[in-house]
Amino acid sequence: GENVEQHPSTLSVQEGDSAVIKCTYSDSASNYFPWYKQELGKGPQLIIDIRSNVGEKKDQRIAVTLNKTAKHFSLHITETQPEDSAVYFCAASMLTGGGNKLTFGTGTQLKVEL
Amino acid sequence: DAMVIQNPRYQVTQFGKPVTLSCSQTLNHNVMYWYQQKSSQAPKLLFHYYDKDFNNEADTPDNFQSRRPNTSFCFLDIRSPGLGDAAMYLCATSRPLGSGTQANTDTQYFGPGTRLTVL
């Protein structure tokens, strides 16, 4: 089955700096890669996703890049703000048309310091 | 404007006492998922329903069961909770009805979760 590794496990940045979180996946058949933000005591919230037919996607301060050959994908947050502090999970799956079984990474605790 | 609703938000049960967690959705999605998330860990898929078709993960204990009486509701039943079942239980949905195989409809939307405590 799919295995997703995520690094780093914790990340501290100063407000206004950029943050980068990296993930690798094992199954070359995976073609869908979402990123979720989870605040304490809440469910994960989708912040951005990418499909294997593109290499990069951007939404305001958030961007995701995908390298299918190396089986890497990364989350980039620019101009970080204190409200960006949360746990971020990457995930991978193969879209089958019968449901979408996500395999999550182990999470990154991001702390944005004033 | 909650789209995936989980009740209760906090549930306390006793060791071995059956408990049911509830999930409802207003998104009209035909796939519903249940995940278990233990402290400081990633969510782990227990099972999912595609319409009425139930799909169990191979490593989900028999102690966990699920029911989906209609499109909007899905229940997680824990028949004999053990101390190791204390966790956050997350419900998620995807794929609007009638979407066919459109790839851009597979985004999963999560509910706020139910925090289960086993005494």
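The values are calculated or read from the model by the stated rules, or taken from the named source; none is laboratory data. Quantities reported herein were computed from a predicted structural model and do not represent experimental measurements. No Cβ is skipped: glycine too gets one built from the backbone with ideal geometry, and neighbour counts run over all protein chains shown. We work out accessible area using only protein heavy atoms, side chains counted, and drop any ligands, DNA or RNA first. Shrake-Rupley method; radii C 1.70, N 1.55, O 1.52, S 1.80 Å.
What the table shows:
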quantity	calculated
Some residue of segment A:85-97 being farther than 20 Å from residue B:94 by Cβ, open to solvent by 10 Å² or more (accessible area, probe 1.4 Å), out of contact with any helix residue (DSSP H, G or I) (no Cβ under 7 Å at 6 or more places or on another chain) and modelled with pLDDT of 95 or more	yes
Strands (runs of 3 or more DSSP E) contained entirely in segment A:1-104, each with at least 2 residues that are within 13 Å of the chain's Cα centre (by Cα) and away from chain B (no Cβ under 14 Å)	A:19-25, A:56-59, A:62-67, A:72-77
Residue ranges of strands (runs of 3 or more DSSP E) in segment B:1-55 with at least 2 members within 11 Å of chain A (Cβ to nearest Cβ) and open to solvent by less than 50 Å² (accessible area, probe 1.4 Å)	B:4-7, B:29-37, B:44-50
Candidate set: segment B:67-119, residues that are closer than 30 Å to residue A:50 by Cβ, touching a helix residue (DSSP H, G or I) at 6+ places or on another chain (Cβ under 8 Å) and part of a strand (DSSP E or B); chosen: the one modelled with the lowest pLDDT	B:96
Residue match in segment A:65-80 (condition: touching a residue at least 60 places away in the same chain (Cβ under 8 Å) and open to solvent by 10 Å² or more (accessible area, probe 1.4 Å))	yes
